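Just below is one structure, and these are the notes that go with it.
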Amino acid sequence: MADSPNQFTLKMSGNGFSIDKEISEQLAHEIAVFVLSEGKFEPRQDRQRAAPSGQPQAKGPHGTSPQEFLQQTGAKNSEQKITALGSHLLASSSGKRSFSQDELREAFESAKERVPGNLSRDINKSIRSGWIARVTGEKDAYYVTSSGSRAMNEQFPKTSKKRKKAKKKSSTVKTK
């Protein structure tokens, strides 16, 4: 087991292969992103390299901007965007395990997306979808669930929406 709070132990075995190695927190986070995304999002390469033309590198998984990440995941509605931007926030900050409503608001602004008018309501919709969850014992702290990661990996497939019942027209009898 890792002795330092910033050290993690990677253990993997199968089919005649076995590894048990101490790794950094940053590497552990990148491996977790890779595994949870089922290989879709690869760990960042050469974090220290400057971007071409002297421009700062975009932050986030694999050097993607929040807007690029939204496009890659296929997020269309507020619930999907909250899930994707929450994942982007966690992946872009080494060791970060949760995100707040204010951080989400900043992520929407950074992606040049309209911030939902009632962000709290839409966060709760994402929670009901099972894509994000509240961190137990912490106020205003959320994380992306494995269902949320899976939905992003599948480009947020259409789910069957509950059909609203049509209102019955009242049948009033006219009397003369």
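Scanning the range 131-150 for residues that are of a type outside the set (F, W, Y), under 16 Å from T73 (Cβ atoms) and in contact with a helix residue (DSSP H, G or I) (Cβ under 7 Å, 6 or more places away or on another chain) yields I132, V144, S146, G148, S149. For the range 116-144, a residue qualifies if it is part of a loop (DSSP other than H, G, I, E, B), surrounded by fewer than 18 Cβ atoms within 10 Å (Cβ to Cβ) and not small (G, A, S), and the qualifying residues are N118, V135, T136, E138, K139, D140. With the requirement that a residue be of a type in the set (D, E, K, R) and more than 12 Å from G95 (Cα to Cα), what does the range 17-33 give you? Within the range 17-33, D20, K21, E22 qualify. Here the range 148-159 is the region considered, the condition is being part of a helix (DSSP H, G or I) and out of contact with any strand residue (DSSP E or B) (no Cβ under 9 Å at 6 or more places or on another chain), and the residue that is farthest from K125 (Cα to Cα) is N153. The set of residues in the range 3-22 being modelled with pLDDT of 70 or more, over 25 Å from the mean Cα position of the chain (by Cα) and among the hydroxyl-bearing types (S, T, Y) consists of S13, S18. Residues of the range 88-115 that are surrounded by fewer than 18 Cβ atoms within 10 Å (Cβ to Cβ) and touching a residue at least 60 places away in the same chain (Cβ under 8 Å): S94, G95.
Here A91, A111, A75 are screened, and the one residue that is among the hydrophobic types (A, V, I, L, M, F, W, C), modelled with pLDDT of 90 or more and closer than 19 Å to Y143 by Cα is A75.
L85 meets the stated requirement of being without any contact (Cβ under 8 Å) to a residue 40 or more places away in the chain, under 30 Å from F8 (Cα atoms) and surrounded by 14 or more Cβ atoms within 10 Å (Cβ to Cβ).
The values are calculated or read from the model by the stated rules, or taken from the named source; none is laboratory data. As the structure is a computational prediction, the values presented were derived from the model and not from experiment. Because the Cβ atoms are built from the backbone with ideal geometry, glycine has one as well, and the counts that use them run over all protein chains shown.
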